[in-house]
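Below is one structure, written out as structure tokens, with a few remarks after it.
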Amino acid sequence: MALVLVAFHYVRMKTNNITGYASFAILWIAFEYFHLNWQCSWPWLTLGNGFANHVEAVQWYEYTGVLGGSLWILVSNLLFFQLVKSLWLDVDGKTYRKKSIIRVIAIVLIPISVSFIIAFSYNSKTADKKLYVQAVVVQPNIDPYNEKFSGDFKNQLDKLITLADTKVDSTTDYLIFPETALTDPDIWENDIDKNGSIQTLQKYLAKHPNLSIVTGASTWRNYNIGDNIPESARKYIGGDGFFDAYNTAIQLNNSSKLQLYHKSKLVPGVETMPFRKLLGPIADLAFSLGGTSGTLGTQKEPSVFYTPNGKTCVGTAICYESIYGEYIGQYVLKGAQLIFVITNDGWWGDTPGYKQHLAYARLRAIETRRSIARSANTGISEFIDEMGNVSEQTAWWVPAVIKAKISPNTEITFYVKHGDYIGVLMSWLSAVLLVYVLGVLIKSKIV
């Protein structure tokens with residue numbers, strides 16, 4: 001952030017006020033885009049996230065994504081700054097100040113007006129939609145620090161099933177458990193059907209033939225001689241073999257095949273150590289924050305879950321992944337008609353962190369126009385419609401079960417098609433600006 005301000009200062013000093021102040025918005029958006037995509041990514045404070053609880057103002061995120069909100073904030077503030085500066089210094093004349101006032105009002109009100117128009121149009125278009133699936137979300141409220149990973153995985157699974165039984169019936173299509181709901185230390189993907197926790201869920205499915213269960217799990221994979229060993233693989237203590245640990249989402253139903261997805265947007269310092277090759281021995285250190293820890297295995301791109309009849313497809317984002325709009329869009333491009341978010345927000349404690357994480361999912365609903373079912377281990381679970389509106393929200397730190405009808409959607413938004421194109425554009429413009437300023441500096445020294 002400091003580097004952005006330094007770069008803005010040099011651009012403004014070597015160009016003019018208009019180019020200089022415009023460069024601030026350009027450079028800042030480029031920074032936010034970079035911060036979304038490097039190994040130390042923690043884009044919690046991306047400016048556009050600030051509207052997560054004011055979705056009525058940003059329905060146009062379906063065209064721009066969250067970086068469009070950042071741009072709106074920056075341009076509005078720059079224009080307001082110029083107006084205040086003109087009034088304070090009593091310069092530029094009355095005509096300029098009137099035009100400045102009009103510009104400030106327009107840049108604030110036009111996007112909000114567009115948002116209301118989009119919302120009205122979208123609601124009118126989908127008013128007669130009759131397709132839906134029925135989902136049950138379980139929030140078990142298991143303490144992530146003192147209870148969840150204590151080894152009492154059988155009783156925890158029993159608790160999940162007991163809670164589910166209060167809402168699941170013959171009309172239920174999906175039962176959703178949270179991130180790492182299954183903590184059985186023996187879930188090896190090489191032979192996953194023989195695992196006791198998986199077999200327990202399959203017995204439950206036998207009572208509900210039309211049901212699909214989506215659950216989080218800690219899973220493992222053993223590598224045999226001749227296998228390609230990824231960088232994330234861990235070596236057996238006292239042995240020559242390697243294995244991987246995953247933060248996994250699993251879909252089970254009455255088809256013969258389990259579907260797995262491995263969390264791939266990992267929390268820096270907890271689930272992955274940035275710049276592992278450069279850091280050497282300390283790369284094996286990881287902070288434990290009431291969840292999976294240590295460098296985890298990933299997959300190259302997100303995958304989706306299909307029902308046995310192929311009619312419904314869901315993308316399951318695991319915890320931290322839900323703050324990445326472009327990444328969630330990849331689920332949609334692969335066919336996801338619904339988005340599930342499974343998370344373990346208890347490690348935040350009773351702080352604003354879990355509330356912010358909860359709110360960001362509303363922006364993903366708008367960007368993709370997908371209904372979202374959110375299952376939290378501890379935190380808040382809820383359903384979110386395609387407009388970002390929340391229903392059936394649970395309380396903090398209580399066991400709960402919620403049930404709702406949610407609408408699958410096949411529409412592909414402009415943002416899903418094109419991703420964070422605003423960030424790409426601003427990155428190129430930033431490069432041009434910095435090269436120009438560098439050229440000016442070199443020329444001034446030569447002359």
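Taken together, the residues in region 134-161 that are among the acidic types (Asp, Glu) and under 17 Å from ILE342 (Cβ atoms) amount to 0. Of the residues making up region 244-276, those that are free of Cβ contacts under 8 Å to residues at least 60 places away in the same chain, of a type outside the set (S, T, N, Q) and not in a loop (DSSP other than H, G, I, E, B) are ASP244, ALA245, TYR246, LEU252, TYR261, HIS262, ARG276.
The requirement of being more than 29 Å from ALA217 (Cβ to Cβ), assigned by TED's automatic domain parsing to the domain that holds ALA25, modelled with pLDDT of 95 or more and of a type in the set (Val, Ile, Thr) is not satisfied by VAL440. Contact map, region 345-372: residues that are of a type in the set (A, V, I, L, M) paired with residues that are surrounded by fewer than 20 Cβ atoms within 10 Å (Cβ to Cβ), Cβ distance under 6 Å, separation 6+ or inter-chain. Pairs shown: ALA359/ASN53. Residues in region 277-307 that are modelled with pLDDT under 90 and not in a helix (DSSP H, G or I): LEU285, ALA286, PHE287, SER288, LEU289, GLY290, GLY291, THR292, SER293, GLY294, THR295.
Within region 314-341, the set of residues being over 27 Å from GLY269 (Cβ atoms), surrounded by fewer than 22 Cβ atoms within 10 Å (Cβ to Cβ) and touching a helix residue (DSSP H, G or I) at 6+ places or on another chain (Cβ under 9 Å) comprises just one member, LEU333.
Among the candidates ILE112, ILE101, ILE73, ILE117, the residue that is farther than 30 Å from SER264 by Cβ and in contact with a Leu (Cβ under 8 Å, 6 or more places away or on another chain) is uniquely ILE101. Here TYR261, TYR236 are screened, and the one residue that is of a type in the set (Phe, Trp, Tyr), surrounded by 15 or more Cβ atoms within 10 Å (Cβ to Cβ) and either touching a helix residue (DSSP H, G or I) at 6+ places or on another chain (Cβ under 7 Å) or modelled with pLDDT of 80 or more (or both) is TYR261.
Taking the criterion of being closer than 20 Å to PHE120 by Cα, among the acidic types (Asp, Glu) and crowded, with 24+ Cβ neighbours inside 10 Å, the only residue of region 342-385 that qualifies is GLU367. Applying the condition of being among the hydroxyl-bearing types (Ser, Thr, Tyr) and touching a Phe, Trp or Tyr at 6+ places or on another chain (Cβ under 9 Å) to region 194-231 and asking which residue is nearest to THR171 (Cα to Cα) yields SER212.
Of the residues making up region 378-402, those that are within 26 Å of ALA57 (Cβ to Cβ), in a loop (DSSP other than H, G, I, E, B) and among the small types (Gly, Ala, Ser) are GLY379, SER381, GLY388. Exactly one residue out of VAL168, VAL137 is within 26 Å of GLY310 (Cβ to Cβ), under 26 Å from the mean Cα position of the chain (by Cα) and modelled with pLDDT of 95 or more: that is VAL137.
The set of residues in region 403-415 that are part of a loop (DSSP other than H, G, I, E, B) and either surrounded by fewer than 19 Cβ atoms within 10 Å (Cβ to Cβ) or of a type in the set (A, V, I, L, M) (or both) comprises SER407, PRO408, THR410, GLU411, ILE412. Screening ASP184 against (1) buried (at least 18 other Cβ atoms within 10 Å of the Cβ); (2) at pLDDT 95 or above leaves a single unmet condition, (2). Does region 244-254 contain any residue that is touching a Cys at 6+ places or on another chain (Cβ under 6 Å), surrounded by 20 or more Cβ atoms within 10 Å (Cβ to Cβ) and not aliphatic (A, V, I, L, M)? Checked against the condition, which is being touching a Cys at 6+ places or on another chain (Cβ under 6 Å), surrounded by 20 or more Cβ atoms within 10 Å (Cβ to Cβ) and not aliphatic (A, V, I, L, M), region 244-254 yields no hits at all.
Against the condition in contact (Cβ under 8 Å) with a residue 24 or more places away in the chain and assigned to a helix (DSSP H, G or I), how does VAL424 come out, does it pass? Yes: the conditions hold for VAL424. A count restricted to region 420-436 and to residues that are surrounded by fewer than 18 Cβ atoms within 10 Å (Cβ to Cβ) and either in contact with a Gly (Cβ under 8 Å, 6 or more places away or on another chain) or not hydroxyl-bearing (Ser, Thr, Tyr) (or both) stands at 8.
The values are calculated or read from the model by the stated rules, or taken from the named source; none is laboratory data. Treat the numbers as computed from the prediction; the structure is a model and nothing was measured. All Cβ positions, glycine included, derive from the backbone under ideal geometry; neighbour counts span all protein chains shown.
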